[in-house]
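Undergrad: Once you've had a glance at the structure underneath, I'll fire off some questions.
The values are calculated or read from the model by the stated rules, or taken from the named source; none is laboratory data. These numbers were taken from a predicted model, which means no experiment stands behind them. Neighbour counts are summed over all protein chains in view; Cβ atoms, including those assigned to glycine, are modelled from backbone coordinates with ideal geometry. Please note that ligands, DNA and RNA were not included when accessible areas were found on the heavy atoms of the full protein model with its side chains. Shrake-Rupley method; radii C 1.70, N 1.55, O 1.52, S 1.80 Å.
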Amino acid sequence: MTGRFAPSPSGELHVGNLRTALIAWLVARAGGERFVLRLDDLDVANTSEEHAAGQLRDLAAIGLDWDGDVIRQSERFDRYRFVIDSLVAADATYPCFCSRREIREAASAPHGDGPEGAYPGTCRHLTDGERRRRERDRPPAIRLRTDGKESTIVDEVAGRYVGRVDDFVLRRNDGVAAYNLAVVMDDIDQGVTHVVRGDDLLASTPRHVLLQRLFDAPEPRYMHVPLVVGPDGHRLAKRDGAATLTDLAEAGVSASRVRQALVASLELAATAPNTNEDLIEQFCAAGVGHLAGPAISLDRLARW
Ligand code: GLU
């Protein structure tokens, strides 16, 4: 059994990311499982070694530990290429020439009951001649042909979720694997049995479940946990300030104080000794039922 945390090293982790990481770690450790880290650095241009090192340092600073080497998506491009090429060879995909603007416009037109922003299938029925002609203008992305199948997830925190799966992108038109394909392959290859992550990814999960079924892979247990949001109710951003360990250290708040606040936000006792063993024991007794709920504001977290 294996749990994981998979941050994108495109910036510093904020307290919302750290809270999700703490929960993922607690779930794994409470079950006596392995806990692995993976850097979601598909977007090589937007990620950096400096952020990667800083994220590992911050996770350790709030007391988390992990097993084995840290896996990086940027080292797995050949694996993704092989899998996507196999799906192309099996005729499970089609090339898509739509620009972002075209997708936005097409997705906002009424077209049945797909999820918001879902791809309406514009390029699904292009003829070979049309494909050859459009290939001259731009390289295509590769989409999975899903026929609008529905997947149901029984999330251990967010509950039952049903989603219709659109023909989502497997390979972007710059040749890089898309997140939805990479995350599924990574979880399969790392033997991940528990996926704990922010509930902003719940709506993408039916896509992941569909791919797992396609690959005959076992479905992991899912726990999508509420995000920490800024004063405007949106997910934390730089403008919200005081949200990373660096910001907080500058304001005189130590990493161990942040850990205490995060622990208290999980309704666990944050009092001494507050050791990992003590936390794991409390978490075993409390279960995950109480993790469900609305987003948590940064203000509220600061009061804990
Ligand atoms: N890298 C993603 C993020 O930072 C999380 C991916 C996942 O947990 O599946 O939001």
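Undergrad: Report, largest value first, the span of the C-alpha coordinates of the stretch 112-258 along each principal axis, in whole Å.
TA: Ordered largest first, the stretch 112-258 gives principal extents of 65, 36, 33 Å.
Undergrad: Can I ask one more? What number, in percent, do you get for the relative contact order of the chain if the mean sequence gap of Cα pairs under 8 Å and at least 6 apart is divided by its residue count?
TA: Rounded, it is 20 percent for the chain.
Undergrad: Taking amide H positions as placed in the peptide plane 1.01 Å from N, state which residues far from Arg72 in sequence (5 or more) or on other chains have amide H under 5 Å from it.
TA: For Arg72, the qualifying residues are Leu39.
Undergrad: Another question about this same structure. For the peptides 274-287, 168-181, what is the packing order when you average, over each peptide's residues, the other Cβ atoms within 10 Å and list the highest mean first?
TA: The most tightly packed comes first, giving 168-181, 274-287.
Undergrad: OK, next. Springs between alpha-carbon pairs under 10 angstrom, Gaussian network model over the chain: which of Asp167, Asp85, Asp41 fluctuates most?
TA: Of Asp167, Asp85, Asp41, the most mobile in the Gaussian network model is Asp85.
Undergrad: How large is ³J(HN,Hα) for each residue in the stretch 147-161, as worked out from phi by the Karplus curve 6.51 cos²θ - 1.76 cosθ + 1.60 (θ = phi - 60°), to whole Hz, x for Gly and Pro?
TA: Whole-Hz 3J(HN,Hα) from phi for the stretch 147-161: 6, x, 5, 9, 10, 10, 10, 10, 7, 6, 10, 7, x, 6, 9.
Undergrad: Take Thr127, Thr20 and sort them by solvent-accessible surface of the protein heavy atoms, 1.4 Å probe, largest at the top.
TA: Thr127, Thr20
Undergrad: Would you mind giving the average projected area, over all directions, of the Cα convex hull of the chain in nm² with one decimal?
TA: Orientation-averaged projected area of the Cα hull: 16.6 nm².
Undergrad: Per the 1.4 Å probe, what fraction of the accessible area of the chain, in percent, lies on carbon and sulfur atoms?
TA: 50
Undergrad: Of the listed peptides 95-108, 251-264, what is their order by residue-averaged count of other C-beta atoms within 10 Å, with the highest listed first?
TA: Ranked from most to least packed, the peptides come out as 251-264, 95-108.
Undergrad: Can you tell me how much longer the chain between Asp91 and Thr127 gets when fully stretched, taken as 0.36 nm per residue apart minus their C-alpha distance, in nm with one decimal?
TA: 11.5 nm
Undergrad: Check Val229: other-chain or 5+ apart residues with amide H under 5 Å from its amide H, H built from backbone geometry?
TA: Ile296, Ser297, Leu298
Undergrad: Unpartnered cysteines of the chain (Cβ-Cβ under 4.7 Å counts as a partner)?
TA: Unpaired cysteines in the chain: Cys98, Cys284.
Undergrad: List the relative contact order of the stretch 48-179 as a percent without decimals, with contacts defined as Cα pairs under 8 Å and 6+ residues apart.
TA: Once divided by the residue count of the stretch 48-179, the mean separation gives 23 percent.
Undergrad: While we're looking at this one, here's another question. If packing is taken as the average count of other Cβ atoms within 10 Å, what order do 76-84, 192-200 fall into, highest mean first?
TA: Highest mean packing first, the order is 192-200, 76-84.
Undergrad: Once the piece of chain linking Glu219 and Thr152 is laid out straight, how much longer is it, given 0.36 nm per residue of separation minus the C-alpha distance between them?
TA: So the chain would gain 23.0 nm between Glu219 and Thr152.
Undergrad: Accessible area, 1.4 Å probe, largest first: how do Lys238, Lys149 sort?
TA: Ranking Lys238, Lys149 by accessible area, largest first, yields Lys238, Lys149.
Undergrad: A follow-up question, please. Enter the accessible area per residue of the stretch 1-146 (Å², integer; probe 1.4 Å; all protein chains in place).
TA: Value for the stretch 1-146: 51 Å² per residue.
Undergrad: By how many nm would the segment from Asp67 to Arg138 lengthen if fully extended, with 0.36 nm per residue of separation less the alpha-carbon distance?
TA: My answer for the length gained is 21.3 nm.
Undergrad: Still on this model: At a probe radius of 1.4 Å, what is the per-residue accessible area of Trp25, in Å² to the nearest 10?
TA: For Trp25, the solvent-accessible surface is approximately 0 Å².
Undergrad: Then there is this: Please compute the contact order of the stretch 242-303 in relative form: average sequence separation of alpha-carbon pairs under 8 Å and at least six residues apart, divided by the residue count, as a percent.
TA: Rounded, it is 30 percent for the stretch 242-303.
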